[in-house]
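Take a look at the structure below.
The values are calculated or read from the model by the stated rules, or taken from the named source; none is laboratory data. Keep in mind it's a predicted model, so treat the numbers as computed, not measured. Cβ coordinates were reconstructed from backbone atoms using ideal geometry, including for glycine residues, and neighbour counts include every protein chain displayed. Keep in mind that these areas ignore ligands, DNA and RNA; they rest on the heavy atoms of the full protein, side chains included. Shrake-Rupley method; radii C 1.70, N 1.55, O 1.52, S 1.80 Å.
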Amino acid sequence: MSALPWYEDVSPGRGTLPPRAWYARSDASALSLNGDWAFRLSPTADTEDESFAAPDFDASGWGTVAVPGHWVLRGKEYGGPAYTNVRYPFPVDPPRVPTENPTGDHLRRFDLPADWPAGGGAVLRLDGVESCARVWLNGTELGEFKGSRLAHEFTVGHLLGARDNVLALRVHQWSSGSYLEDQDQWWLPGVFRDVTLLHRPAGSPGDFFTHAPYDHVTGHGTLRVECDVPGRVTVPELGLDLATGESVTVPVEPWSAEVPRLYEGELTAGGERVPLRIGFRTVAVENGVMTVNGRRVLFRGVNRHEFHPQHGRALDLATMRQDVVLMKRHNINAVRTSHYPPHPAFLDLCDTYGLWVIDEGDLETHGFEDLAWQGNPVDDPRWTPALLDRAARLVERDKNHPSVVMWSLGNECGTGAGLTAMARWIRDRDPSRLLHYEGDRSCADTDVYSRMYPPHAEVDEIGRRADEGPERRRELPFVLCEYAHAMGNGPGGLADYQRLFETYERCQGGFVWEWIDHGLVHPVHGYGYGGDFGEELHDGNFVCDGLLFPDRTPSPGLLEYKKVVEPVRIADGGPGTILVTNGHDVADLARLAFTWSFLADGETLATGPLDVPAVAAGASTRVALPVPPSHPAGAETVWTVRAVLAEDTAWASAGHEVAWGQIPVSGPATAPRSVTAAAAHPVRPMRPVHEAGRITLGPGVFDARSGALLSLGSLPVAGGARLDVWRAPTDNDEGAPWQPEERHGPLWRGLGLHRMRHRIDEITWSDDELTVRTRVAPAASDLGIRTTYRWSADGSSLRLGVEVVPEGDWRVPLPRLGVRLGLPAALDRAVWYGAGPGEAYPDTRAAARLGRWEAAVDTLGTPYLRPQENGARIDTRWVELTSRTDGVRVRGDRAFSFTARRWTTEQLDAAAHATDLVPGDTLWLHLDHAQHGIGSQSCGPGVLPAYRLDAAPASFSFTFGPAGG
Ligand code: IPT
């Protein structure tokens, strides 16, 4: 067999310059080559010869493609995006790739700007091309490279003319590099980051390395800028002017994610002045704890893939900034750049706004796991040069960012000598940061013990340092590089993890998987996921597991995370006081203003400012509350204390809420636990009246045969107000096959909880009550739920008491336990008193606060890309649903959850995309005594025992009355 073509050999490339520090700009000229390029797509690597690279080639018959961009996102005639999680979408035979290898030829003609300097050289920089490129300028081949999310540069000065330069790129979708880029994401070939021509004045720096450690004992920073050419470094604010290579120690303010103090400086060498953005900080492990500037840090992190619903991984600066601002506004302080170095400008934003960064190499070979890791490139010396190239391109490009506190070798590669070689190289080149890699449990090469998706109990054990394992590992700080899989509704259990992180110093937080849903704009489905673009192999909606929807709207999961990781805790401090705990890593509370409000039955009676001293990070203080305002006797009362930004910041305006707490003063008037009518309606109980197949009881009319509620005052009722235990399984209910726990979604469906039948055993009435006895059960099973409905009424309200007694050996929890009824869709507004304003379930309820809330019914739901249970409002005392002319109020004897939507659970369950759900003319109202928790089992652990809804005898009741009652 002949030698392999370059794109199939394992080498990282040829002809490129050594990697070096990236900077956004200097005073040297630069020409962006972004824009519309001439483009030709071929089905194989060799359909077309290389004559297109010749300067006189006529490309007038070609189409165009936007650079940066991915050609597959241009429409069907350009192929399409393809999503796989772990599996390679081609036969695994490294380093060979399929003959069907979509190949994009790209051409760009350009003139040099009139003011392009005459002397010096020039460099062509390509910041990201998937999966490889061969490059020509003016007919001369420059070389070729692999490493999609890495910068590659070529010397081009000698080839440039003033006019009519022709840059030609041949890009193959598949290359040997694809074996190293098996990240869980869309396969998206193309020139997806900037292409820039950089003038290089004579004597200008090739590379430089800013060293700026901070000594927290002395408060001094030491600055030294290494450079490959002699130059000078100035930092006017510090009065510094020193030679490159020289070091100076001066008093400084340190950089941290909370106080991202940057000093502007300049490196002058030859004819170039390069702006420096210096952040002084020292990263260390001290006694098994990771510290920055001598203080323990706690990561409130997310995994961020680069994603845009229209542009894939081609992100503009505004979108990157939007990500950073959204993170800061949601109390997120750390990012893992899963699983490749991001666009370099993103790291500038992290430096500026303040985020701790784990910068990860462009490396994942996960698809070998299914093959027992046979042939894994990270354990094959032939691939080591390619791995080292990736390590160097990561570190060299990003080494000058203070935000980067850890280097990560890559993700999900198993183990191998190649990884060790990378780790050695990185340690040698940059000992100032910690090294991360999750895939090797021995931690032989790493400075932190990192896990993905460990259950809470395991985190607890590690926190107590009771974990077994290699000696070395037991002395390392612990992080969860991935946890809380945010797929669909969820993640549940966040608060329980956070408690562990705040209990054990060794547990230094984690990174939620993941930041944003990768739903791509789709002509039919709104947003498409795996399988929607004709892929023969795909992993469905596993690519939609973010805290943001594709359009960057925060999901309920992000709001929950914001609350769970809030850096200030406001709790009951004992009579008349609150306890304020500053959970920041370094910042005191001076930047925050506190306010109180006093609520009675959800109504705000008074508000005011609260003086809270600027306690230091880690410290607590007790603060006295004012005298409560006068309020109705017997009202449920609660203090709400909020911490808001005192002044505008770069990422939010003054008044932006950072943290809050609620402190109950007096509870709800204790409701009668008995569900007998007498207890609820001491006055004027009404008599059921039987006539012509109907039973009338106050405002309720029932079918005398089935006991179904037919109307409620003037409102027709569908579905009878019957017991309901089914919910459209969430992605977390469905669970992941690799999780050891039982998967409830499939078990529920197997049992038939989605097709429960209602047997009417007895309908009786007395002077003051209508009683309907039933047994609710699925076909083919001996499991069932004895259900008794007791209806009673006074003049205007109707009361339903429900008693359930499960029969048989129930081994699975119930999805929900409540009743559902259909009301006219004209009831389009909801007002409720309970926890809100957003969706909440037993283990996703931290962000829900007690209050009186109001919303259009059509906004109560959460449009998860794959439809599933959503939109419940927890801890509801009462809810009112109204149209312009009509309305109903439902009160619970005890707090309940309500859900209101214009489609049934069955329709929700059957839908594959949010666009499948069409509102009907019935408003389906669920009144749930309880719901099962959410958990995180779509990838990680399931619902914790405390949040399980086990089948057990229960009774609950609701009172239906006129709105405004
Ligand atoms: C883990 C991966 O690291 C990440 O890329 C993503 O796939 C995530 O899971 C799930 O969405 S790997 C998983 C099989 C534990």
For this session: Restrict the check to region 303-324 and report whether at least one residue is outside the structural domain of E502 (by TED's automatic domain parsing), part of a strand (DSSP E or B) and touching a Lys or Arg at 6+ places or on another chain (Cβ under 8 Å).
Result: no
For this session: Go through region 201-236 and give me each residue that's within 17 Å of V283 (Cβ to Cβ) and assigned to a loop (DSSP other than H, G, I, E, B).
Result: A212, P213, H216, V217
Exercise. So is F52 open to solvent by less than 10 Å² (accessible area, probe 1.4 Å) and either touching a strand residue (DSSP E or B) at 6+ places or on another chain (Cβ under 9 Å) or in contact (Cβ under 8 Å) with a residue 24 or more places away in the chain (or both) or not?
Worked result: yes
Problem set entry | Residues of region 502-530 satisfying the condition of being closer than 22 Å to V335 by Cα and within 19 Å of the chain's Cα centre (by Cα) | Q508, G509, G510, F511, V512, W513, E514, W515, I516, D517, H518, G519
For this session: Please enumerate the residues belonging to region 818-842 that are open to solvent by less than 10 Å² (accessible area, probe 1.4 Å) and either of a type in the set (A, V, I, L, M) or within 23 Å of N732 (Cα to Cα) (or both).
Result: G818, V819, L821, L823, L827, A830, A835, G836, A840, Y841
Problem set entry | Residues within region 158-200 that are open to solvent by less than 10 Å² (accessible area, probe 1.4 Å), assigned to a loop (DSSP other than H, G, I, E, B) and within 16 Å of the ligand (Cβ to nearest atom), tallied | 3
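Can we say H485 is more than 20 Å from T291 (Cα to Cα), under 22 Å from the mean Cα position of the chain (by Cα) and more than 16 Å from the ligand (Cβ to nearest atom)?
On the way: more than 20 Å from T291 (Cα to Cα): yes; under 22 Å from the mean Cα position of the chain (by Cα): yes; more than 16 Å from the ligand (Cβ to nearest atom): no.
Answer is no for this residue.
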Exercise. Of the residues that make up region 393-402, is at least one within 30 Å of the chain's Cα centre (by Cα), within 30 Å of S653 (Cβ to Cβ) and either away from the ligand (no atom under 16 Å from the Cβ) or open to solvent by less than 30 Å² (accessible area, probe 1.4 Å) (or both)?
Worked result: yes
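Hey, among the residues in region 569-590 that are of a type in the set (D, E, K, R) and under 27 Å from the mean Cα position of the chain (by Cα), which one's least open to solvent (accessible area, probe 1.4 Å)?
The first filter runs over region 569-590 and keeps only residues of a type in the set (D, E, K, R), leaving 569, 572, 585, 588.
Imposing the further condition that a residue be under 27 Å from the mean Cα position of the chain (by Cα) reduces the set to 569, 585.
Numbers: R569: 69, D585: 9 Å².
The residue in question is D585.
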Exercise. Only one of (1) over 21 Å from H311 (Cα atoms); (2) touching a helix residue (DSSP H, G or I) at 6+ places or on another chain (Cβ under 8 Å) fails for P81. Which number is that?
Worked result: (1)
Exercise. Among the listed residues T155, T244, which satisfies the condition of being of a type in the set (S, T, Y), in contact with a Cys (Cβ under 6 Å, 6 or more places away or on another chain) and open to solvent by 10 Å² or more (accessible area, probe 1.4 Å)?
Worked result: T244
Problem set entry | G469, sole failed condition from (1) in contact (Cβ under 8 Å) with a residue 24 or more places away in the chain; (2) away from the ligand (no atom under 16 Å from the Cβ); (3) under 19 Å from E364 (Cα atoms) | (3)
Exercise. Within region 225-239, can one find any residue that is within 37 Å of the chain's Cα centre (by Cα) and touching a residue at least 24 places away in the same chain (Cβ under 8 Å)?
Worked result: yes
Exercise. Which number in (1) within 15 Å of the ligand (Cβ to nearest atom); (2) open to solvent by 20 Å² or more (accessible area, probe 1.4 Å) marks the one condition that E505 misses?
Worked result: (1)
Seminar exercise, completed: Scanning region 532-548 for residues that are within 16 Å of the ligand (Cβ to nearest atom) and either crowded, with 17+ Cβ neighbours inside 10 Å or at pLDDT below 95 (or both) gives H538, N541, F542, V543, C544, D545, G546, L547, L548
Exercise. From the list A38, A59, A28, A45, which one is assigned by TED's automatic domain parsing to the domain that holds N165, open to solvent by less than 60 Å² (accessible area, probe 1.4 Å) and under 16 Å from W174 (Cβ atoms)?
Worked result: A45
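Please go through region 862-897 and give me each residue that is open to solvent by 40 Å² or more (accessible area, probe 1.4 Å) and not in a strand (DSSP E or B), ordered by number. Talk me through it step by step, then tell me what you get.
Residues of region 862-897 that are open to solvent by 40 Å² or more (accessible area, probe 1.4 Å), as a first pass: 863, 866, 875, 877, 884-886, 891, 894-895.
Passing the criteria: P863, R866, R884, T885, D886.
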Seminar exercise, completed: Note on region 450-466: residues open to solvent by 10 Å² or more (accessible area, probe 1.4 Å) and not small (G, A, S) are R451, M452, Y453, P455, H456, E458, D460, E461, R464, R465
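Take the conditions more than 14 Å from G104 (Cα to Cα), open to solvent by 30 Å² or more (accessible area, probe 1.4 Å) and not assigned by TED's automatic domain parsing to the domain that holds E412 and apply them to P89. Does it pass?
Working: more than 14 Å from G104 (Cα to Cα): yes; open to solvent by 30 Å² or more (accessible area, probe 1.4 Å): yes; not assigned by TED's automatic domain parsing to the domain that holds E412: yes.
Against the criterion (more than 14 Å from G104 (Cα to Cα), open to solvent by 30 Å² or more (accessible area, probe 1.4 Å) and not assigned by TED's automatic domain parsing to the domain that holds E412), P89 qualifies.
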Exercise. Could you list, in sequence order, the residues of region 451-466 that are within 16 Å of the ligand (Cβ to nearest atom) and free of Cβ contacts under 8 Å to residues at least 12 places away in the same chain?
Worked result: E458
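Report yes if D359 is over 30 Å from P523 (Cβ atoms), touching a residue at least 60 places away in the same chain (Cβ under 8 Å) and open to solvent by less than 10 Å² (accessible area, probe 1.4 Å), otherwise no.
Details: over 30 Å from P523 (Cβ atoms): yes; touching a residue at least 60 places away in the same chain (Cβ under 8 Å): no; open to solvent by less than 10 Å² (accessible area, probe 1.4 Å): yes.
So D359 does not fit the description; no.
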For this session: Scan region 734-752 and give yes if some residue there is within 16 Å of the ligand (Cβ to nearest atom), closer than 30 Å to T844 by Cβ and not in a loop (DSSP other than H, G, I, E, B), otherwise no.
Result: yes
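With the condition kept exactly as written, say whether any residue in region 422-440 is within 16 Å of the ligand (Cβ to nearest atom), open to solvent by 10 Å² or more (accessible area, probe 1.4 Å) and modelled with pLDDT under 95. Walk me through how you get there before you give the answer.
So in region 422-440, the residues within 16 Å of the ligand (Cβ to nearest atom) come out as 436-440.
Keeping just the survivors that are open to solvent by 10 Å² or more (accessible area, probe 1.4 Å) gives 438-440.
When the remaining residues are screened for being modelled with pLDDT under 95, the result is 440.
Yes, because at least one residue in region 422-440 is within 16 Å of the ligand (Cβ to nearest atom), open to solvent by 10 Å² or more (accessible area, probe 1.4 Å) and modelled with pLDDT under 95.
Before we move on, is W62 touching an Asp or Glu at 6+ places or on another chain (Cβ under 9 Å) and more than 16 Å from the ligand (Cβ to nearest atom)? I'd like the intermediate steps shown before the answer.
Working: touching an Asp or Glu at 6+ places or on another chain (Cβ under 9 Å): yes; more than 16 Å from the ligand (Cβ to nearest atom): yes.
In short, yes.
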